[in-house]
Each structure stands twice: as structure tokens, then as C-alpha cells.
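Note sheet for the following structure.
The values are calculated or read from the model by the stated rules, or taken from the named source; none is laboratory data. Everything numeric here is computed off the predicted structure, so don't read it as measured data. FYI the Cβ positions are ideal-geometry reconstructions off the backbone, even for glycines, and counts take in every protein chain you see.
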Amino acid sequence: MTSKTLTTTATALPLPAGHWTLDPFHLAVGFTIRHLGISKVRGQFGRFEADLTVGDTLDGCAVTATVALDSIDTGNADRDAHVSVS
């Protein structure tokens, strides 16, 4: 009987190292919150920017984002106006 051991080394990342500004037309920034412990409110933000940095290893990868909080959309204009953004 023969025994084989498979040893793996660092795997390649799916993207080459570099910096990308992410396309907002292919992204969404959304959320879900509990309301009064009874229901869930879902929403999203309409304006945001995001950047992706891919390093040579996972430790060198990062996503940074800036979200315009006043672009909240929960599908209810009265609720959106009630949310205070400071």
C-alpha cells in the first residue's frame, strides 16, 4: 500500500497585483436592520466610491470605500428624511 501526501504552497490570487477603482454600476452598498424586533428594513446607498488594492498575498489586499450617507434609500421617502445624518 502506498501513501501519498499532498503539500500545497501559496496559491495564486485570482487578480494580478494592482489598484482598481471599482465601477459603481456593478456594485451595490446595502443593509438590513431590524425594526422594533418585528420586521426587517432593507435599504441601500446611491452614492459611493470604492477602491480595490490587490497585493502579492492576501495580506497585501484591501478594499476602501466612501459612502454618502445622505444618499440612503429604504424605499420610503418619509423614513429616509427622518434618518439624521451628521
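What are the residues in the stretch 16-31 that are aliphatic (A, V, I, L, M) and either surrounded by fewer than 13 Cβ atoms within 10 Å (Cβ to Cβ) or part of a strand (DSSP E or B) (or both), if any? Within the stretch 16-31, A17, L27, A28, V29 meet the criteria. The residue list R79, R34 contains one member that is more than 30 Å from G18 (Cβ to Cβ), among the charged types (D, E, K, R) and part of a strand (DSSP E or B), which is R34. Quick one: how many residues across the stretch 1-28 are of a type outside the set (A, V, I, L, M), within 30 Å of the chain's Cα centre (by Cα) and modelled with pLDDT under 75? Number of matching residues: 3. Checked against (1) over 19 Å from D73 (Cβ atoms); (2) at pLDDT 85 or above, F45 passes all but a single condition, namely (1). If you go through the stretch 50-64 and keep only what is loosely packed, with under 13 Cβ neighbours inside 10 Å and either assigned to a strand (DSSP E or B) or in contact (Cβ under 8 Å) with a residue 60 or more places away in the chain (or both), you end up with A62, V63, T64.
Against the condition under 17 Å from the mean Cα position of the chain (by Cα) and either touching a residue at least 40 places away in the same chain (Cβ under 8 Å) or exposed (fewer than 13 other Cβ atoms within 10 Å of the Cβ) (or both), how does V67 come out, does it pass? Considered against the rule, which asks whether it is under 17 Å from the mean Cα position of the chain (by Cα) and either touching a residue at least 40 places away in the same chain (Cβ under 8 Å) or exposed (fewer than 13 other Cβ atoms within 10 Å of the Cβ) (or both), V67 comes out as no.
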